[in-house]
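These notes are about the structure you will find just below.
The values are calculated or read from the model by the stated rules, or taken from the named source; none is laboratory data. Quantities reported herein were computed from a predicted structural model and do not represent experimental measurements. Here Cβ is always computed from backbone atoms with ideal geometry, including for glycine, and neighbour counts include all displayed protein chains.
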Amino acid sequence: MPLQKPVVETDEKKPPTQPWTKKGASPNPWEPDYLRLHHKREGFRCRWVPQTQVEQKQLQGWVICDPKDYGGTTDKHANDASGLGARIQRRELVLMEIPEETAQQRAAFMEKKAVQAKRAAKAPVKEGLAEVNRELEALGHERITGTDESSANLDQ
């Protein structure tokens, strides 16, 4: 019979097998992070946007960032095709910004719109439940109350 190691339980937490890295950081320490911004403009939110979506973002209030605010020609990758000083671009991504106040208003609007869509999606379910309850009452049975966890969130 082979020998077995005794099982020893400890309260000590084992260290992670892989150290945590920053989100978006390169796994190779020698490789530069081309999407990291060296400067941040006060009161604005930045986002890297694919070139195909630049026009759509401009209609939503986003503006192409001025390289004077976020970096200059030294903050540019050699393989990027855009003209120097025109915009900050990384491959197919363009840096765009929106004022913080507008971004907060837009986020609140989108949240309200999502809540309305959620309510609109739940309306047929509530109507169906009411119809089933009317039928059950007509037959002399108990109503379905919807007290379980899955239906408790219908009112939110």
- Message: Given the condition of a type outside the set (Gly, Ala, Ser), under 30 Å from Arg36 (Cβ atoms), at pLDDT below 85 and in a helix (DSSP H, G or I), answer yes or no: does some residue in the range 81-102 qualify?
- Response: no
- Taking the stated definitions as given, is Arg143 at pLDDT below 90, closer than 30 Å to Trp62 by Cα and of a type outside the set (Gly, Ala, Ser)? no
- Residue tally, condition acidic (Asp, Glu) and surrounded by fewer than 12 Cβ atoms within 10 Å (Cβ to Cβ), over the range 93-120: 2
